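The values are calculated or read from the model by the stated rules, or taken from the named source; none is laboratory data. These numbers were taken from a predicted model, which means no experiment stands behind them. Positions of Cβ are backbone-derived with ideal geometry, glycine not excepted, and every protein chain shown enters the neighbour counts. With ligands, DNA and RNA removed, areas are computed over all heavy atoms of the protein, side chains included. Shrake-Rupley method; radii C 1.70, N 1.55, O 1.52, S 1.80 Å.
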Amino acid sequence: MKSHLLALDQGTSSSRSIVFHRDGHIVAMAQREFRQIFPQPGWVEHDPLEIWQTQLATAQEAIAKAGLSAGDIASIGITNQRETTVVWNRATGAPLHNAIVWQDRRTADACAALREAGHGDLFRRKTGLVLDPYFSGTKLAWILDHVDGARAAAARGELAFGTVDSWLMWQLTGGAVHATDVSNAARTLMLDVHTNRWDDELLAALRVPREVLPRVCPSSHVYGTTKAALLGAALPIGGVAGDQQSALFGQACFKAGLAKNTYGTGCFMLMHTGTAFQTSANGLITTSAAQPSTTPEFALEGSVFIGGAVVQWLRDGLHAIKASGEVQQLAQSVPDAGGVMFVPAFTGLGAPYWQPEARGAIVGLSRGSTVAHIARAALESIAFQSAALLAAMSRDAVAAGAAPVAELRVDGGACVNDLLMQFQADLLGIPVVRPKVIETTALGAAYLAGLSAGVYRSLDELAAQWQVERRFLPTLPREQAAERMAAWERAVRQATAA
């Protein structure tokens, strides 16, 4: 049995590839950033060819760094930035338009029109989602409406739509595979998550022709094989999941009640709800979890649009730091944020607020405020937003007859920041648990691929591999934590005031 797995982790700001040993440890990694394109305020795009080129280059580099040949890899898993929308020509493989990124808000008016037409309940009931520009369906419709001849070409079956996983599989297989997994399909506003099938009623409301859609498969599934010339051998693609569902899987959150938060460009908190489709009364969405079989499984999810990206803004926008790693030292140079609150609503506010028109605000400034206070407030904003999500999640859990979330498993780049993780535990009042392998998004994709390849026998075997690196315990009295959260909510109200 081959003992290595290759995970392609295609993210919002970079493409990465990681070679894992079957025991879960990282053997080699490669990463390349790519351009962020901002055609106008609120619009965010990527070049699909740049996504593909950087992803392929990192895959080749990671295998070489590991000292392996492609023949040593049992299977490939793909995990990807979700909702980001690509449309390409089936004959040529050429993209019709830049990819429209999940952060993009250009379809806010289209979503409002769908809500005003009374479609909100239909979408919530069938997809678990709210009508928001975040999701893929209105992005796809926008491309079909704004690229000359696109609608007619789509109707003739000449175009293919996909989230980034579908785009990568098409490229890796030389156009032989046009598919996606349920966890990505569930983010498009077009999938009935109860049946895992594209839904004609939803497609009609969005004005999307069925001819452009990929085939939907389980997350652990042999999708096809790569062209041998790309990596040195024809390798099976055996696992696919959207980044947050993949992280939930990589954190071994296989059972109802287990929750994780990923601290990346945005922050994404998911709680597994088993086979129960549970609708939130607190501003969360219901989403399909990564599914090893054809049985639908679900999670409650809250999305923070600007998480670690606020640190990038401190670096690139404010020039307060030269490198992202400097933020902890700057923030720790002051004992607290000095009353400063930073609401980083650069692209609106996600769950549990769903305020697409909100914009960033720094409040509570005084003559004594310094850039260090702003840096600390920026870091704390990540924890405040995540705490609002977990409070909503626990209320939903209790309403469904379950216990509130008892611990939060964390991953993603910003979870290495001890100051942030301790503040998170203090706000939440429950342990924040960081695993030994924090690259759980990529690990989840590797695990899904390993299951379909027979590298792993069961979910129990995977759960046994999950190990704790550090457990952050709350130290802040609960009344003080409540006061801090109340101050945060006041700042949010200021950021969302008309």
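Can you confirm whether the stretch 130-140 contains a residue that is part of a helix (DSSP H, G or I), surrounded by fewer than 22 Cβ atoms within 10 Å (Cβ to Cβ) and either touching a residue at least 12 places away in the same chain (Cβ under 8 Å) or polar (S, T, N, Q) (or both)?
no
Filtering the stretch 1-25 down to residues that are over 18 Å from residue 70 (Cβ atoms) and surrounded by fewer than 20 Cβ atoms within 10 Å (Cβ to Cβ), which residue is farthest from the chain's Cα centre (by Cα)?
Looking at the filtered set, the residue picked out is 23.
Out of 64, 57, 94, 28, I need the residue that is crowded, with 16+ Cβ neighbours inside 10 Å and small (Gly, Ala, Ser). Which one?
28
How many residues are touching an Asp or Glu at 6+ places or on another chain (Cβ under 9 Å), under 14 Å from residue 281 (Cα atoms) and open to solvent by 20 Å² or more (accessible area, probe 1.4 Å) if we restrict to the stretch 345-398?
Selection size over the stretch 345-398: 1.
Cβ-Cβ under 6 Å, sequence separation 6+ or interchain: first residue in the stretch 2-31 and closer than 14 Å to residue 77 by Cβ and among the acidic types (Asp, Glu), partner assigned to a strand (DSSP E or B) and at pLDDT 95 or above. Which pairs?
Pairs found: 9/16; 9/79.
In the stretch 1-20, how many residues are over 22 Å from residue 316 (Cβ atoms) and part of a loop (DSSP other than H, G, I, E, B)?
3
Assess whether residue 339 counts as being more than 18 Å from residue 424 (Cα to Cα), out of contact with any helix residue (DSSP H, G or I) (no Cβ under 7 Å at 6 or more places or on another chain) and open to solvent by 50 Å² or more (accessible area, probe 1.4 Å).
Judged against the criteria, residue 339 is not a match.
Could you tell me whether any residue of the stretch 146-159 is over 14 Å from residue 205 (Cα atoms), basic (Lys, Arg) and in a helix (DSSP H, G or I)?
Yes: one or more hits.
Filter the stretch 307-321 down to residues that are without any contact (Cβ under 8 Å) to a residue 12 or more places away in the chain and either touching a strand residue (DSSP E or B) at 6+ places or on another chain (Cβ under 8 Å) or part of a loop (DSSP other than H, G, I, E, B) (or both) and give me whichever is least open to solvent (accessible area, probe 1.4 Å).
Per the stated criteria, the residue is 317.
Of all residues in the stretch 280-306 being open to solvent by 20 Å² or more (accessible area, probe 1.4 Å) and in contact with a helix residue (DSSP H, G or I) (Cβ under 7 Å, 6 or more places away or on another chain), which is farthest from residue 383 (Cα to Cα)?
So the first thing to find is which residues in the stretch 280-306 are open to solvent by 20 Å² or more (accessible area, probe 1.4 Å), and the list is 281-283, 292-297.
Narrowing the set further to residues that are in contact with a helix residue (DSSP H, G or I) (Cβ under 7 Å, 6 or more places away or on another chain) leaves 281-283, 292.
On the way: 281: 22, 282: 18, 283: 18, 292: 31 Å.
If we take residues in the stretch 280-306 being open to solvent by 20 Å² or more (accessible area, probe 1.4 Å) and in contact with a helix residue (DSSP H, G or I) (Cβ under 7 Å, 6 or more places away or on another chain), then 292 is farthest from residue 383 (Cα to Cα).
Hey, among the residues in the stretch 419-478 that are open to solvent by 40 Å² or more (accessible area, probe 1.4 Å) and without any contact (Cβ under 8 Å) to a residue 24 or more places away in the chain, which one's farthest from residue 9 (Cα to Cα)?
Ranking the qualifying residues of the stretch 419-478, first place goes to 477.
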